[in-house]
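Below is one structure, written out as structure tokens; comments come after it.
The values are calculated or read from the model by the stated rules, or taken from the named source; none is laboratory data. These figures come from a predicted structure and were not determined experimentally. Every residue, glycine as well, gets a Cβ built from its backbone with ideal geometry; the counts of neighbours run over all protein chains shown. All accessible areas refer to the heavy atoms of the entire protein, side chains included, with ligands and DNA or RNA removed. Shrake-Rupley method; radii C 1.70, N 1.55, O 1.52, S 1.80 Å.
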Amino acid sequence: MESMKPGNTGQIWALVDAKNFYTSCEQIFDPKLANKPVVVLSNNDGCCVAINELAKAAGIKRGAVWYKIEREAKRLGVEVRSSNYCLYADMSRRFIDELAEFSPQVEQYSIDEAFIRLDGLPPETLSQYGKNIVETIKQRLGLPVRVGIGTSPTLAKLANSAAKHYEKRVNSVIHIQTDQQRRWLLEKTDVQDIWGIGARLATRLRTAGVSTAWQLAVQDVTAMRRLWNVGLARTVMELQGVSCIDPGDIDEVKKQIMSTRSFGVGITDLQELQSALAFHCHRAGEKLRKQGSQASIVGIYIRTNRYKQLPQHNKSSALPLICPTQDTQKLITAAQAQLSQMYRPGYAYQKIGVMLDELSPVSQNKLQLDMFNGDALEEAKRRDLMNITDNLNTRYRNGLKPASVIATSNWHMRQAFRSNRWTTRLDELQVAKC
């Protein structure tokens, strides 16, 4: 049985979350979008992935298919933008940099939210400290944010959600300071809304008579560990105000890594498909190395657009590797070999993807030298090369890429409504006329 981490008392956690991050980034740099409903579309301008409050009020739903609502949205005056990931990533970096001024311990949880530690600050000053964070980030970056403060990451997360719900009454900041406040909030929180509890576990808990966060918080930790699992016992401790979950613990190591994307237009040319596949192998390889894993199986798939009246061709395959690898070049070689077998001329392919499976930690070092195959020896040598490549790509935006990635570029996604990359491209800077 997994051992139980000791809990920590006396810690103060804050979760800082940017409101409507994608649409807020768009509105910061484009005055025409001020006080207007705004939606941001997914890859290839498919669905609405981000909407601001005015768009919600206009009846736009997140996930709505754009081509189905486009006419009505335009009639309602809704402004639309394609996803501009360069802009969002840069604004996220600036957001985290600003938070570093408020705490020496900042842990980014997603592109638009981060946990910070506020240990040692007097409890009576924390609400005002949270308001200072809100005002400073709004003033320096233009981003509206919410702050939830508690004695554990789980309570900070719940406080942040409450700050969203009661935003106008609490000025975007909630600090769970007393047991009475904690009980009030937990009694109003459904058990499924607790961080780390999914739908299946929530159903089992309701069956056992636990339907609110407060009912879970009053459970005996030892019994929960014995009857359920260590993870749920930790959650109970977190709800009781004892910090024992590191935000990084929630990001479980993936058992499978995928990289895939639809094309903006149908692709018939093999070289275009090879370039797209190499790009996805490059991305998947970076993810693989980032979590310290190696893959034993490389799978790919290609498919045409099933919604169009065109000849259809959908195929997938998987290739076991003699030696587990995290080398991008080997991933590309294995994937390209499968693509050559699958490809059929005359079909307009709409999507391609790569799947890395049978992942194992590099720390286990399953490299086994083979008398008849030198892959293991070569893999050991190339790991250093991959580390150098990843460091360069982290430092420089357009770092090193396999030549096959940049051979062609016609396969990239459609972004008909993309705004300028205001903060990262000199040729797309704002122009002031006077």
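Quick look at the values:
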item	result
Residues satisfying the stated conditions in region 329-352, i.e. under 21 Å from E286 (Cα atoms), touching a helix residue (DSSP H, G or I) at 6+ places or on another chain (Cβ under 8 Å) and open to solvent by 10 Å² or more (accessible area, probe 1.4 Å)	Q329, K330, Q336
Number of the exception - C281 against (1) at pLDDT below 90; (2) under 26 Å from the mean Cα position of the chain (by Cα)	(1)
Residues that are over 28 Å from I28 (Cα atoms) and part of a loop (DSSP other than H, G, I, E, B), drawn from region 113-154	L118, D119, G120, L121, P122, T151, S152
Whichever residue in region 300-320 is under 17 Å from Q256 (Cα atoms) and surrounded by fewer than 20 Cβ atoms within 10 Å (Cβ to Cβ) and, among such residues, is nearest to the chain's Cα centre (by Cα)	Y301
Count of residues meeting criterion [within 22 Å of D246 (Cα to Cα), part of a helix (DSSP H, G or I) and open to solvent by 80 Å² or more (accessible area, probe 1.4 Å)] in region 174-195	1
Subset of region 252-266 [open to solvent by 10 Å² or more (accessible area, probe 1.4 Å), under 27 Å from R344 (Cα atoms) and of a type in the set (V, I, T)]	T260, V265
Conditions (1) under 27 Å from K351 (Cβ atoms); (2) touching a helix residue (DSSP H, G or I) at 6+ places or on another chain (Cβ under 9 Å); (3) aliphatic (A, V, I, L, M); (4) assigned to a helix (DSSP H, G or I); number of the one not met by M91	(1)
Residues located in region 84-106, provided they are open to solvent by less than 30 Å² (accessible area, probe 1.4 Å), over 25 Å from K131 (Cβ atoms) and of a type in the set (A, V, I, L, M)	L87
Every residue from region 50-64 that is among the aliphatic types (A, V, I, L, M) and either without any contact (Cβ under 8 Å) to a residue 12 or more places away in the chain or exposed (fewer than 13 other Cβ atoms within 10 Å of the Cβ) (or both)	A57
Filter pass, S211 being closer than 22 Å to Q108 by Cβ, touching a strand residue (DSSP E or B) at 6+ places or on another chain (Cβ under 8 Å) and among the small types (G, A, S)	no
Set R289, R283: member being part of a helix (DSSP H, G or I), open to solvent by 10 Å² or more (accessible area, probe 1.4 Å), closer than 22 Å to R382 by Cα and in contact with a helix residue (DSSP H, G or I) (Cβ under 8 Å, 6 or more places away or on another chain)	R289
Neighbours by Cβ (under 6 Å, 6+ apart or cross-chain): first from region 67-91, in contact (Cβ under 8 Å) with a residue 12 or more places away in the chain and under 20 Å from F29 (Cβ atoms); second of a type outside the set (G, A, S) and open to solvent by 70 Å² or more (accessible area, probe 1.4 Å)	E79/K36; S82/R418; N84/R418
